[in-house]
Amino acid sequence: MKTFDFKPKFIPAVKHYDKPTFVADLMAGLIVGIVALPLAIAFGIASGVSPEKGIITAIVAGLAISLFGGSKVQIGGPTGAFIVIVAGIINQYGMQGLTIATLMAGVFLIGFGLLRLGTIIKYIPYPIIVGFTSGIAVTIFTTQVKDLLGMQIEGGVPADFIEKWIVYFQHLSDIDPWSTVIGLASVAIIAVTPKLSRRVPGSLVAIIVMTVMALLLKQYAGITTIETIGDRFSISSQLPGATVPELSWDTIKGLVAPAMTIAVLGAIESLLSATVADGVIGDHHNSNTELIGQGIANIVSPLFGGIPATGAIARTMTNINNGGRTPVAGIIHAVVLLLIFLFLMPLAQYIPMACLAGVLVVVSYGMSGWRSFLALMRNPKSDVTVLVLTFLLTIVFDLTVAIEVGLLCACLLFMRRMSETTDVKAIYDEIDLNEDADMQQGNLEHLTIPEHVEVYEINGPYFFGAGNRFEDITGRYGQRPKVRIIRMRKVPFIDSTGLHNLENLCIMSQREGITIVLSGVVPKVEAVLKRNGFNQLLGEENICNHIDLALARAREILK
């Protein structure tokens, strides 16, 4: 019996910990904490919660992911991928519903890890990942247009994507030029900063510069139209106590779909981030432990008022690039955010909303993966169909529908492709033995097929789709044979559908007076056939190891 695959990287990392490693982790943790600050605030506000909840999530979930995760360098916290789904849950179920959905997602993630699904989740089709990631990016950008341009829209902005853009165009005259300048200048600063210094986070520079500019414009130029965080939210720097929400069966049933979406999305993003990190530092993360760690983080975070969290690729890469090599860097990043939250949080009220919108516009551009999207458009039509469908469903409907339909389409296309890999052909007159694997040594280069004998060869797995193709080809002979030889030397496995089709073929052939002889059955498939009674159905003598033995058996039957 296999034991649970839960081996946090934190434990072996601290066994042989030394001062140089700590110094490197300390510097990385400080920088990542500063980088995470504006993103946590922006993700929190964009998700429909107060800014401190974004920071609380980064503190609590980031600490849990570093302590219990399966990657040495993973940095966890709120990410842009969750903005759409979190905002949708809050609109429909309120903050209480989001708390319960996040707790459920945490339980699901732990379940994924305990069931060892970490490896499987990494094989979700690439077009689906690109499709819904690009769709999320477009949706995030759409939600930020109002704040980026300083629009004053009475009654708020509709949730629907198309209606949202209709309202934007109807209120073009309400654009505030000063907010627009703040927003576009923030985008420019974030874009230029990495060219000057990769260690200084552009988002933090943009927030500091634009906050100072907004204060100066208000103080000395009388510009009061630039909305700040303090105009919209009441900022608190007090850590909340842990509270357990009231659970009811009806609420849990209603939140299964969004909770599963959070879990799947969190699993994909965290494992993708850990895989990218492995390639940089030359390590191997434990995917099942990582899922369990993510699950623990998403159970703890909502208890303190936080939102869903996962591994963040950008922050993880920042950690690596600044020398972080153990989970201690992630813990330090959480401590830095905690200190900022306790002592500097009131200053966040002066940050312009247009500046945060600019930060998220840059985030959405990075998430869009437009180069990967365009590259996939040159792939087979089936991949393009899954890509475009997932993308459009993410934008027009929501992420839950997109993932469900995208996975369904991918599964159907996979089934079709797999069925097409199996080929069934009829062999006439002679069998060419060149490169045959199931012939006996010393035979001639070809074998002659006796009269009244049909020979068919199955090339590939014998499962759904293959049975129908076999039945189609068997009806092409003009006369009924007396013996039907089925070569199975190239059948690596057979599933229940294949067994059912083969059994039906054998029974129908016997009713017509036709004897079925199997040739070259590989041991694995032969064991399956015997477990299902084919040796009694056909007779042991009619299951042969080689084609020449099968032809000899056919001649005996003809006599």
**Item:** Residue (of Thr385, Ala314, Cys506) at the positive-pole extreme of the chain, dipole from beta-carbon charges
**Value:** Ala314
**Asked** Based on the Cβ-Cβ distance from Asn321 to Leu184, what FRET efficiency comes out when R0 is 35 Å, to the nearest 0.05?
**Response** 0.80
**Asked** Each label point is 7 Å from the Cα along the Cα-to-Cβ direction; what then is the distance between the points at Asp18 and Tyr126, in nm?
**Response** 4.0
**Request:** Take the Cα coordinates of the stretch 1-121, assign each an equal point scatterer, and use the Debye formula without solvent to give log10 I(q)/I(0) at q = 0.09, 0.14, 0.17 Å⁻¹.
**Result:** -0.32, -0.75, -1.01
**Fill in**
Burial-style ranking of 336-343, 303-310, 95-102, average other-beta-carbon count within 10 Å with highest first, yields 303-310, 95-102, 336-343
**Asked** Share of the stretch 37-162's accessible area from carbon and sulfur, percent, 1.4 Å?
**Response** 66
**Request:** Place the peptides 379-390, 168-179 in order of packing, highest mean first, counting for every residue the other Cβ atoms within 10 Å and averaging per peptide.
**Result:** 379-390, 168-179
**Item:** Heavy-atom accessible area per residue - the chain, 1.4 Å, Å²
**Value:** 46
**Fill in**
Given (1) 31.0, 110; (2) 29.8, 98; (3) 22.2, 69 as possible values of Rg and Dmax of the Cα atoms in Å, the one from the coordinates is (1)
**Asked** By per-residue mean of other Cβ atoms within 10 Å, what is the highest-first order of 79-92, 504-517, 153-166?
**Response** 79-92, 504-517, 153-166
**Fill in**
Check: C-alpha center the stretch 100-126 vs C-alpha center the stretch 395-412, spacing in Å is 17
**Prompt:** Where does the chain land at 222 nm, in deg cm²/dmol rounded to the nearest 500, when only DSSP H runs of n ≥ 4 count, each adding -39500 (n - 2.57), divided by all residues?
**Reply:** -20500 deg cm²/dmol
**Asked** Over the Cα atoms of the stretch 125-235, what is the Rg over Rh ratio if Rh follows Kirkwood?
**Response** 1.03
**Extension gain (nm, one decimal) between Val335 and Ala375, 0.36 nm per residue minus Cα-Cα** = 10.3 nm
**Message:** With an 8 Å Cα cut-off and a minimum separation of 6 or more residues, compute the relative contact order for the chain in percent.
**Reply:** 23
**Prompt:** Could you give the angle, 0 to 90 degrees to the nearest 10, between helix 381-396's Cα long axis and the longest principal axis of the Cα atoms of the chain?
**Reply:** 30
**Request:** Work out the length of the dipole vector of the chain about its Cα centre, built from +1 on the beta-carbon of each Lys and Arg and -1 on the beta-carbon of each Asp and Glu, and round it to the nearest 20 debye.
**Result:** 1060
**Fill in**
Charge dipole of the chain built from unit charges on the beta carbon (Lys, Arg +1; Asp, Glu -1), centred at mean Cα; most positive-end Cα among Leu342, Gly282, Cys411 is Leu342
**Item:** For the stretch 181-255, with +1 on Lys and Arg beta carbons and -1 on Asp and Glu, the positive-most of Leu196, Ala185, Ser236 along the dipole
**Value:** Leu196
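The values are calculated or read from the model by the stated rules, or taken from the named source; none is laboratory data. Note that the structure is a prediction, hence the values are computed from the model and not measured. Neighbour counts run over all protein chains shown; Cβ positions are idealised from the backbone, glycine included. The accessibility values were calculated without ligands, DNA or RNA, using every heavy atom of the protein model including side chains. Shrake-Rupley method; radii C 1.70, N 1.55, O 1.52, S 1.80 Å.
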